[in-house]
Amino acid sequence: MRFLGHPVHVMLVHFPVALWPAHWCFHVFARWLPPGLAGPGAFWLLAGGTGVGWLAAVAGLADLIPLSRTGGRPLSRALMHAAINGSVLLAFTVLVGLEWPHYPAIAHGTRTLVAEGAVLALLGAGNHFGGAVIWERMPGDVPAPTKG
């Protein structure tokens, strides 16, 4: 899926990749932030990242359909990326649902922060596979740069 010649999925994924870690940081550093800032600020970072994450998932699915006709290594990497990052998206969607009833007084304990940190690490692994697809030759795209 493209908009004015640019890949929509690639444009959108940067928002959750930035907003979800910022959400985590707001909770980690909440005691040093002004009172009343961490809970609401973190929630809207989480909600924004998750909302755009769903848009990115739809755009990614639109890119996956034509790629599925070619098969091979790019398809297997794209499927791995979709499975991992789809799981991450579901985890953050559940977190939005868990935080919503407590808004604006949202605080996380150590276990929640560790679990969310693990999900963020999983996001990094999923993004590795997504990046690998981008840097391989895809139908209709510019060939990947050669190593020289």
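Checked against the criteria, GLY39 does not count as free of Cβ contacts under 8 Å to residues at least 40 places away in the same chain and open to solvent by less than 70 Å² (accessible area, probe 1.4 Å). The single residue among ALA57, ALA42, ALA121 that is part of a helix (DSSP H, G or I), in contact with a Cys (Cβ under 9 Å, 6 or more places away or on another chain) and either closer than 14 Å to HIS23 by Cα or not charged (D, E, K, R) (or both) turns out to be ALA42. Here is a check on your reading of the model: is GLY109 farther than 19 Å from VAL17 by Cβ, open to solvent by less than 30 Å² (accessible area, probe 1.4 Å) and over 20 Å from the mean Cα position of the chain (by Cα)? Taking the combined requirement at face value, the residue does not satisfy it.
Would you please name the residue that is nearest to HIS102 (Cα to Cα), looking only at residues in the stretch 23-36 that are without any contact (Cβ under 8 Å) to a residue 24 or more places away in the chain and surrounded by fewer than 17 Cβ atoms within 10 Å (Cβ to Cβ)? Ranking the candidates gives PRO35 first. Do we have ARG77 as basic (Lys, Arg), assigned to a helix (DSSP H, G or I), closer than 19 Å to HIS27 by Cβ and free of Cβ contacts under 8 Å to residues at least 60 places away in the same chain here? Considered against the rule, which asks whether it is basic (Lys, Arg), assigned to a helix (DSSP H, G or I), closer than 19 Å to HIS27 by Cβ and free of Cβ contacts under 8 Å to residues at least 60 places away in the same chain, ARG77 comes out as no. When restricted to residues that are closer than 19 Å to THR112 by Cα, modelled with pLDDT of 95 or more and of a type in the set (Phe, Trp, Tyr), the stretch 6-26 contains 2.
What about ALA62, is it surrounded by fewer than 18 Cβ atoms within 10 Å (Cβ to Cβ) and under 23 Å from HIS14 (Cα atoms)? Spelling it out, ALA62 is indeed surrounded by fewer than 18 Cβ atoms within 10 Å (Cβ to Cβ) and under 23 Å from HIS14 (Cα atoms). For the criterion of being among the charged types (D, E, K, R), touching an Asp or Glu at 6+ places or on another chain (Cβ under 8 Å), over 21 Å from LEU37 (Cβ atoms) and part of a helix (DSSP H, G or I), ARG111 fails. Return the residues of the stretch 1-21 that are among the small types (Gly, Ala, Ser) and either assigned to a loop (DSSP other than H, G, I, E, B) or surrounded by 15 or more Cβ atoms within 10 Å (Cβ to Cβ) (or both); say none if nothing qualifies. GLY5 - this is the single residue of the stretch 1-21 that is among the small types (Gly, Ala, Ser) and either assigned to a loop (DSSP other than H, G, I, E, B) or surrounded by 15 or more Cβ atoms within 10 Å (Cβ to Cβ) (or both). Take the conditions (1) farther than 19 Å from GLY126 by Cα; (2) surrounded by 13 or more Cβ atoms within 10 Å (Cβ to Cβ); (3) more than 14 Å from the chain's Cα centre (by Cα); GLY48 misses just one of them, which is (3). Filter the stretch 51-92 down to residues that are closer than 14 Å to LEU123 by Cα and of a type outside the set (A, V, I, L, M), then give me how many there are. Going through the stretch 51-92 one residue at a time, the tally reaches 6.
The values are calculated or read from the model by the stated rules, or taken from the named source; none is laboratory data. Keep in mind that what you see is a predicted model, and the values were worked out from it rather than measured. Neighbour counts are summed over all protein chains in view; Cβ atoms, including those assigned to glycine, are modelled from backbone coordinates with ideal geometry. Note: areas computed on protein heavy atoms with side chains; ligands, DNA, RNA excluded. Shrake-Rupley method; radii C 1.70, N 1.55, O 1.52, S 1.80 Å.
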